[in-house]
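Everything on this sheet refers to the single structure shown next.
The values are calculated or read from the model by the stated rules, or taken from the named source; none is laboratory data. For clarity, every value in this text was computed on a predicted model and none was experimentally measured. Using ideal geometry, Cβ is built from the backbone for each residue, glycine included, and neighbour counts are taken over all protein chains shown. For accessibility, only protein heavy atoms count, side chains too; no ligands or nucleic acids. Shrake-Rupley method; radii C 1.70, N 1.55, O 1.52, S 1.80 Å.
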Amino acid sequence: MLNGAQALLTALTRAGLDTCFANPGTSEMQLVYEIGLGDTVRPVLCLQENVVTGAADGYARMAGKPAFTLLHVGSGFANGIANLHNASRAHVPIVNIVGANATYHQPNFPEHEMVGGTIKDLAAVVSHWVAEARDANEMGPLGAEAVSQAIRGGGRVATLIAPTNCHWDPASEAPVTSEPEAIPRAASSTLQHVASLLKNGKKTALLLGGAALQSTQLELAAQIAAACDATLVGETFPTRLSRGAGQIKIPLVPYFVEMAQAFFSPFEQLILIGAKSPVSTFAYRGLPASKIPPHCNVVSLVSVEQNIAHALTELAAMVGQLNHAYPREERPEILPEPGQDVALTAESIGRAITQYLPEAAIIVDESATAGLGINQHCVGAEKHEYLYAVPGASIGNGLPMALGAAIACPDQKVLALQADGSAMYTNQALWSIAREQCDVTIVIIKNDAYAILDVELARVREDAPNSKMQSMLALDNPSIDWVQLAKGLGIEAVSASTEASFYDALKTALNTKGPRLIEACIAQNLQPVINMVMQQKQKHSDE
C-alpha cells in the first residue's frame with residue numbers, strides 16, 4: 001500500500017520528472033522523506049521561493065521538460081509568484097506542488113483561507129491549471145494530470161495543492177501517465193492566406209516567438225524568408241534563441257516603443273509565427289501602445305499554443321523553391337584586442353564575450369539597460385543558446401534561471417549577465433549555485449542604479465530630476481559590494497572596472513569549471529536614450 005506522497009512521487013517520475021527545486025516546510029515533510037528514500041529525483045534546495053520558481057523556469061527552457069517545485073503553503077507560493085509570472089508569460093512548463101494544512105485542521109488554523117480567497121485563488125493568478133487534493137487517493141491522478149497540463153501547447157504552469165494528511169494517508173496505486181494531447185494545428189485556410197501574402201511583393205517581416213526561435217524551426221523559417229525576400233525578426237523577450245556564429249541572423253524587436261516604431265517603419269505586412277503582435281510593456285501618455293505603425297498589416301500564422309513546426313513545414317511546402325540562403329551571424333575575422341586600461345563599458349563587455357565565450361554555452365540575460373550595448377557586440381560569439389530572463393518584466397529571474405539552466409545542462413557553460421539592482425531580488429541563488437557547484441560565470445553589471453528608471457522618469461518629468469527623485473533610483477548609498485556578498489555565499493569573486501581587468505577576469509572564469517562571479521563596474525551613458533524620449537514627448541506635446 002502506498003501513501004499519498006509515494007503515489008504522487010511515482011506519478012511525477014513515471015511522467016519523466018526527475019528534478020525538484022524546493023523550499024519545503026512542515027506541510028511538505030512527508031514528500032521530503034519519500035524523495036530522500038529513493039534515487040529517482042534530484043532535489044535542489046533554494047533559500048527563497050522566487051529562486052525555486054525561477055530555477056524551475058531555467059531548467060525547463062534547457063531540458064525541454066518540466067521540473068517540479070516544492071513550496072510551503074500559500075505564503076511560500078506567494079513568494080514565488082514573480083518568477084512564475086515570468087514563466088507563464090514565456091510559456092514554460094512547470095509543475096508546482098504546494099503544501100497545505102491537513103484538511104481536518106484547516107478550520108482550526110485557517111492559513112488555507114486567506115483574506116479574499118484561498119491558495120487555489122492565489123495560484124490561479126499565475127497558473128494555467130490548478131487543483132487541490134482532498135484525499136490521498138487523488139494525489140497520484142492529480143500529479144499525472146499536472147504534468148499533462150504543464151506540457152500542453154507551448155508550455156504551461158500547473159499547480160497542485162496537497163494538504164498534509166493527503167501525503168501520509170494510504171493511497172491507491174499511482175496511475176500510468178497518458179500520452180499528451182495532440183497540439184492544435186493552424187487552419188489550412190490560414191496557411192493558404194499567409195502563403196498568398198508572402199507572394200504579393202510587399203515588404204514583409206516574419207516575427208518569430210516561442211519554439212520558432214529554436215534551431216530547427218528557425219532554420220525552416222529562414223528558408224521561407226529567403227524564398228520570399230522577407231525579413232526575420234525575433235520577439236523582444238525570447239524564451240530561448242539559438243544565436244551566435246553560423247546561426248541565422250535575427251534582430252529582436254526593440255524594447256522602447258519609439259525605437260520599435262522606427263524599426264518596423266519599412267514593412268508593409270507582418271506575419272506572426274508563435275508570437276503576439278508587439279506592444280509596449282507599459283502604457284505611456286501620448287504614445288501608441290502598439291509597436292507596429294498603422295500602415296503595416298498584421299496577420300497571425302500560428303500561436304505559441306499551436307504546432308509551430310507543423311505550420312512552418314506546411315508553409316514551406318506552399319512557398320516552394322527553398323534554395324536561397326538567408327544571412328547568418330559571422331564570427332569576426334579579427335577578434336577584439338584584449339581590453340585596454342580604460343573604463344569598462346557595456347560595449348566592451350560584449351566584445352569580451354565575443355572573444356572568450358565557449359561554443360555551446362548558455363547566456364542568461366537580465367542585463368537591463370546594459371543589454372543594449374552588450375548584445376549589439378556579442379552576437380558574433382561562438383554558437384550559444386540565449387535565454388531572456390524576465391519576459392514578464394518581473395525582475396530578479398536571472399540568477400535563479402542560471403541555476404536551473406546549469407542543473408539541466410551540466411556539461412555546458414552558463415554565463416549570467418545580471419544587472420545589480422535586480423540581482424538583489426534573488427541573491428540567495430548564489431548559495432544554491434555554490435552548493436550544487438554549477439558551472440556558472442556570473443557577471444554583475446554594476447552601475448549602482450535602477451538605470452532603466454532614469455529613462456522612465458524622463459517620460460513624466462517636466463524639469464530636471466531633483467535629489468528626492470534620484471534617491472529612489474540610486475543604489476550607491478551604500479554601494480553593494482558584490483565580491484564580499486558572493487564570497488559570503490560560497491562563490492569566488494573579483495571586481496573589474498577597466499577593460500583590461502574585465503577581459504582577464506572573464507577569460508579566467510570561462511576557462512574554469514565551477515561557479516565564479518565578476519563584479520563589472522561600468523561607465524554608462526544613457527543620456528542619448530533619455531534625449532530621444534524627451535524629444536518624442538515634446539513632439540507629441542506639440543502635436
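Which of (1) open to solvent by less than 10 Å² (accessible area, probe 1.4 Å); (2) of a type in the set (Val, Ile, Thr); (3) in a helix (DSSP H, G or I) is the odd one out, the single condition residue 44 does not satisfy?
All conditions pass for residue 44, except number (3).
Hey, among 376, 355, which residue is out of contact with any helix residue (DSSP H, G or I) (no Cβ under 6 Å at 6 or more places or on another chain), open to solvent by 10 Å² or more (accessible area, probe 1.4 Å), modelled with pLDDT under 95 and closer than 30 Å to residue 202 by Cα?
Details: 355 fails: closer than 30 Å to residue 202 by Cα.
Being out of contact with any helix residue (DSSP H, G or I) (no Cβ under 6 Å at 6 or more places or on another chain), open to solvent by 10 Å² or more (accessible area, probe 1.4 Å), modelled with pLDDT under 95 and closer than 30 Å to residue 202 by Cα holds for just one of 376, 355, which is 376.
Condition check: surrounded by 23 or more Cβ atoms within 10 Å (Cβ to Cβ), at pLDDT 95 or above and either of a type in the set (Lys, Arg) or in contact with an Asp or Glu (Cβ under 9 Å, 6 or more places away or on another chain) (or both). Does residue 97 satisfy that?
Values: surrounded by 23 or more Cβ atoms within 10 Å (Cβ to Cβ): yes; at pLDDT 95 or above: yes; either of a type in the set (Lys, Arg) or in contact with an Asp or Glu (Cβ under 9 Å, 6 or more places away or on another chain) (or both): yes.
Considered against the rule, which asks whether it is surrounded by 23 or more Cβ atoms within 10 Å (Cβ to Cβ), at pLDDT 95 or above and either of a type in the set (Lys, Arg) or in contact with an Asp or Glu (Cβ under 9 Å, 6 or more places away or on another chain) (or both), residue 97 comes out as yes.
Any residue in the range 284-304 that is on the phi > 0 side of the Ramachandran plot and open to solvent by 60 Å² or more (accessible area, probe 1.4 Å)? Show your work before the answer.
So in the range 284-304, the residues on the phi > 0 side of the Ramachandran plot come out as 286.
From what is left, the residues that are open to solvent by 60 Å² or more (accessible area, probe 1.4 Å) are none.
Checked the range 284-304: no residue is on the phi > 0 side of the Ramachandran plot and open to solvent by 60 Å² or more (accessible area, probe 1.4 Å).
How do the pairs read when you match residues in the range 160-172 that are within 15 Å of residue 141 (Cβ to Cβ) with residues anywhere that are among the basic types (Lys, Arg) and open to solvent by 10 Å² or more (accessible area, probe 1.4 Å), using Cβ under 8 Å and keeping only pairs 6 or more apart or on different chains?
Note: pairs meeting the criteria are 161/120; 166/134.
Surrounded by fewer than 22 Cβ atoms within 10 Å (Cβ to Cβ) and in contact (Cβ under 8 Å) with a residue 24 or more places away in the chain, is that true of residue 69? Talk me through it step by step, then tell me what you get.
Details: surrounded by fewer than 22 Cβ atoms within 10 Å (Cβ to Cβ): no; in contact (Cβ under 8 Å) with a residue 24 or more places away in the chain: yes.
Criteria not met by residue 69.
Within the bounds of the range 192-213, is there any residue that is charged (D, E, K, R) and crowded, with 20+ Cβ neighbours inside 10 Å? Explain how you work it out, then say what you get.
Quick first cut of the range 192-213, residues charged (D, E, K, R) only: 199, 202-203.
Imposing the further condition that a residue be crowded, with 20+ Cβ neighbours inside 10 Å reduces the set to none.
Looking for residues that are charged (D, E, K, R) and crowded, with 20+ Cβ neighbours inside 10 Å, one finds none in the range 192-213, hence no.
Give the residues of the range 271-283 that are surrounded by fewer than 21 Cβ atoms within 10 Å (Cβ to Cβ) and over 19 Å from residue 387 (Cα atoms), sorted by residue number. Can you show your working first?
Filtering the range 271-283 for residues surrounded by fewer than 21 Cβ atoms within 10 Å (Cβ to Cβ) gives 276-277, 279-283.
Residues satisfying the conditions are 277, 279, 280, 282, 283.
Counting only residues that are within 19 Å of residue 395 (Cα to Cα), part of a helix (DSSP H, G or I) and in contact (Cβ under 8 Å) with a residue 24 or more places away in the chain, how many does the range 434-455 have? If you could, list the steps in order and put the result at the bottom.
As a first pass, look at the range 434-455 and keep what is within 19 Å of residue 395 (Cα to Cα): 442-455.
Now drop any that are not part of a helix (DSSP H, G or I), which leaves 451-455.
Filter again for in contact (Cβ under 8 Å) with a residue 24 or more places away in the chain, leaving 451-452, 454-455.
Number of matching residues: 4.
Checking residue 394 against (1) hydroxyl-bearing (Ser, Thr, Tyr); (2) open to solvent by less than 10 Å² (accessible area, probe 1.4 Å); (3) in a loop (DSSP other than H, G, I, E, B), which test does it fail?
(2)
Restricting the range 379-390 to residues that are more than 11 Å from residue 415 (Cα to Cα) and either free of Cβ contacts under 8 Å to residues at least 24 places away in the same chain or under 17 Å from the mean Cα position of the chain (by Cα) (or both), which is most open to solvent (accessible area, probe 1.4 Å)? Please lay out each step first, then the result.
So in the range 379-390, the residues more than 11 Å from residue 415 (Cα to Cα) come out as 379-383, 388-390.
Okay, now just the ones that are also either free of Cβ contacts under 8 Å to residues at least 24 places away in the same chain or under 17 Å from the mean Cα position of the chain (by Cα) (or both), so 388-390.
Numbers: 388: 46, 389: 0, 390: 10 Å².
Across the range 379-390, the extreme among qualifying residues is 388.
Wholly within the range 117-190, which helices (runs of 4 or more DSSP H) include no fewer than the required count, namely at least 2 residues that are closer than 19 Å to residue 15 by Cβ, within 22 Å of the chain's Cα centre (by Cα) and polar (S, T, N, Q)? Before the answer, list the steps.
Values: elements: 119-124, 139-150, 164-168.
Those helices (runs of 4 or more DSSP H) span 139-150.
Quick one: would you say residue 308 is touching a residue at least 60 places away in the same chain (Cβ under 8 Å), open to solvent by less than 20 Å² (accessible area, probe 1.4 Å) and under 14 Å from residue 230 (Cα atoms)?
Values: touching a residue at least 60 places away in the same chain (Cβ under 8 Å): yes; open to solvent by less than 20 Å² (accessible area, probe 1.4 Å): yes; under 14 Å from residue 230 (Cα atoms): no.
Against the criterion (touching a residue at least 60 places away in the same chain (Cβ under 8 Å), open to solvent by less than 20 Å² (accessible area, probe 1.4 Å) and under 14 Å from residue 230 (Cα atoms)), residue 308 does not qualify.
What's the number of the condition residue 465 fails, among (1) over 30 Å from residue 354 (Cα atoms); (2) assigned to a helix (DSSP H, G or I)?
Status for residue 465: all satisfied but (2).
Being of a type outside the set (Ser, Thr, Tyr) and free of Cβ contacts under 8 Å to residues at least 40 places away in the same chain narrows it down to one of 266, 254, so name that one. Talk me through it step by step, then tell me what you get.
On the way: 266 fails: free of Cβ contacts under 8 Å to residues at least 40 places away in the same chain.
Just a single option satisfies the conditions, and that option is 254.
Whether any residue in the range 31-39 is buried (at least 24 other Cβ atoms within 10 Å of the Cβ), touching a Gly at 6+ places or on another chain (Cβ under 9 Å) and assigned to a helix (DSSP H, G or I) is what I want to check.
Quick first cut of the range 31-39, residues buried (at least 24 other Cβ atoms within 10 Å of the Cβ) only: 31.
Right, trim to touching a Gly at 6+ places or on another chain (Cβ under 9 Å) and you get 31.
From what's left, assigned to a helix (DSSP H, G or I): 31.
So far as the range 31-39 goes, yes, one or more of its residues are buried (at least 24 other Cβ atoms within 10 Å of the Cβ), touching a Gly at 6+ places or on another chain (Cβ under 9 Å) and assigned to a helix (DSSP H, G or I).
Name the single residue, out of those in the range 243-268 being touching a helix residue (DSSP H, G or I) at 6+ places or on another chain (Cβ under 6 Å) and not in a loop (DSSP other than H, G, I, E, B), that is surrounded by the most Cβ atoms within 10 Å (Cβ to Cβ). Give the derivation first.
Restricting attention to the range 243-268, the residues satisfying the condition of being touching a helix residue (DSSP H, G or I) at 6+ places or on another chain (Cβ under 6 Å) are 248, 253-254, 258.
Narrowing the set further to residues that are not in a loop (DSSP other than H, G, I, E, B) leaves 248, 258.
Values: 248: 23, 258: 19.
Looking at the filtered set, the residue picked out is 248.
Would you mind finding the one in 416, 406, 402 that is modelled with pLDDT of 95 or more, more than 23 Å from residue 333 (Cα to Cα) and outside any helix (DSSP H, G or I)? I'd like the intermediate steps shown before the answer.
Numbers: 406 fails: outside any helix (DSSP H, G or I); 402 fails: outside any helix (DSSP H, G or I).
The conditions single out 416.
Whether any residue in the range 214-232 is part of a loop (DSSP other than H, G, I, E, B), open to solvent by 10 Å² or more (accessible area, probe 1.4 Å), hydroxyl-bearing (Ser, Thr, Tyr) and farther than 17 Å from residue 309 by Cβ is what I want to check.
No, there is no match, as no residue in the range 214-232 is part of a loop (DSSP other than H, G, I, E, B), open to solvent by 10 Å² or more (accessible area, probe 1.4 Å), hydroxyl-bearing (Ser, Thr, Tyr) and farther than 17 Å from residue 309 by Cβ.
Could you look through the range 284-303, keep only residues that are hydrophobic (A, V, I, L, M, F, W, C) and either at pLDDT 95 or above or part of a strand (DSSP E or B) (or both), and pick out the one that is nearest to residue 128 (Cα to Cα)? Give the steps one after another, and end with the answer.
Restricting attention to the range 284-303, the residues satisfying the condition of being hydrophobic (A, V, I, L, M, F, W, C) are 287, 289, 292, 296, 298-299, 301-302.
Now restrict to residues that are either at pLDDT 95 or above or part of a strand (DSSP E or B) (or both): 292, 296, 298-299, 301-302.
Numbers: 292: 29, 296: 32, 298: 27, 299: 26, 301: 23, 302: 20 Å.
The residue in question is 302.
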